[in-house]
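Let me begin by presenting the structure, written as structure tokens, before commenting on it.
The values are calculated or read from the model by the stated rules, or taken from the named source; none is laboratory data. Because the structure is predicted, anything quoted here is derived from the model rather than measured. Virtual Cβ from ideal backbone geometry, glycine too; neighbours counted across all protein chains shown. When the accessible area is computed, the model is the full protein with side chains, heavy atoms only, and any ligands, DNA or RNA have been set aside. Shrake-Rupley method; radii C 1.70, N 1.55, O 1.52, S 1.80 Å.
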Amino acid sequence: MSDTIFGKIANGEISADIVYEDENLVAFRDLHPQAPTHILVIPRKPIPTLNAVQPEDAELIGKLFLAAAKIAEQEGIARSGYRTLINCNAAAGQTVYHLHLHILGGRQMQWPPG
Ligand code: 5GP
């Protein structure tokens, strides 16, 4: 299950513009940014969708959000504001089946999202 594009980025097989990494997570810039700052945070563990998250992943998911806040600070968008989101399955527009948290910032976001 680690052979998605994001699994390959996590293990270094494919290059990406990495902004943060540790033993559990990797964060890198989206190839097709939808905002001036668009970063994806992924667990190294290849969880395909939010639906597949298990109780034992609770700490890992918490770390994903803690890293997002730290990255937002690092990117200078923490005060102005930013959006985090996880697309789950086709109707939400998920295209890569390795769980990822989007961080979008640097412009005014709209609501409701498309
Ligand atoms: P999803 O639609 O699954 O929530 O988001 C997948 C995101 O991954 C998209 O925003 C897309 O632009 C990005 N993406 C797809 N392939 C690559 C890649 O090879 N490298 C990087 N950095 N981003 C990618």
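Tabulated data
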{"quantity": "Complete set of residues in the stretch 75-106 that are exposed (fewer than 14 other Cβ atoms within 10 Å of the Cβ) and over 23 Å from residue 47 (Cβ atoms)", "calculated": "76, 79, 80, 81"}
{"quantity": "Residue in the stretch 52-61 that is open to solvent by less than 40 Å² (accessible area, probe 1.4 Å) and in contact with a strand residue (DSSP E or B) (Cβ under 7 Å, 6 or more places away or on another chain) present", "calculated": "yes"}
{"quantity": "Filter pass, residue 68 being outside any strand (DSSP E or B), among the hydrophobic types (A, V, I, L, M, F, W, C), touching a residue at least 12 places away in the same chain (Cβ under 8 Å) and within 14 Å of the ligand (Cβ to nearest atom)", "calculated": "no"}
{"quantity": "Filter result for the condition that a residue is of a type in the set (Gly, Ala, Ser) and within 20 Å of residue 12 (Cα to Cα), over 58, 69, 27, 90", "calculated": "27"}
{"quantity": "Residues (assigned to a loop (DSSP other than H, G, I, E, B) and within 15 Å of residue 27 (Cα to Cα)) located in the stretch 45-65", "calculated": "45, 46"}
{"quantity": "Qualifying positions in the stretch 5-28 - hydroxyl-bearing (Ser, Thr, Tyr) and either within 9 Å of the ligand (Cβ to nearest atom) or free of Cβ contacts under 8 Å to residues at least 12 places away in the same chain (or both)", "calculated": "15"}
{"quantity": "Test for residue 75: is it of a type outside the set (A, V, I, L, M), over 15 Å from the mean Cα position of the chain (by Cα), at negative phi and away from the ligand (no atom under 15 Å from the Cβ)", "calculated": "no"}
{"quantity": "Residues being part of a loop (DSSP other than H, G, I, E, B), within 7 Å of the ligand (Cβ to nearest atom) and in contact with a strand residue (DSSP E or B) (Cβ under 9 Å, 6 or more places away or on another chain) - total across the stretch 81-107", "calculated": "3"}
{"quantity": "Unmet requirement for residue 111, which otherwise passes all of (1) outside any loop (DSSP other than H, G, I, E, B); (2) open to solvent by 40 Å² or more (accessible area, probe 1.4 Å); (3) without any contact (Cβ under 8 Å) to a residue 40 or more places away in the chain", "calculated": "(1)"}
{"quantity": "Top-ranked residue of the stretch 71-80 - restricted to ones that are free of Cβ contacts under 8 Å to residues at least 40 places away in the same chain, in a loop (DSSP other than H, G, I, E, B) and not polar (S, T, N, Q), ranked as farthest from residue 6 (Cα to Cα)", "calculated": "79"}
{"quantity": "Contacts under 8 angstrom Cβ, first residue in the stretch 29-46 being away from the ligand (no atom under 12 Å from the Cβ), partner open to solvent by 90 Å² or more (accessible area, probe 1.4 Å) and aliphatic (A, V, I, L, M), 6 or more apart", "calculated": "46/1"}
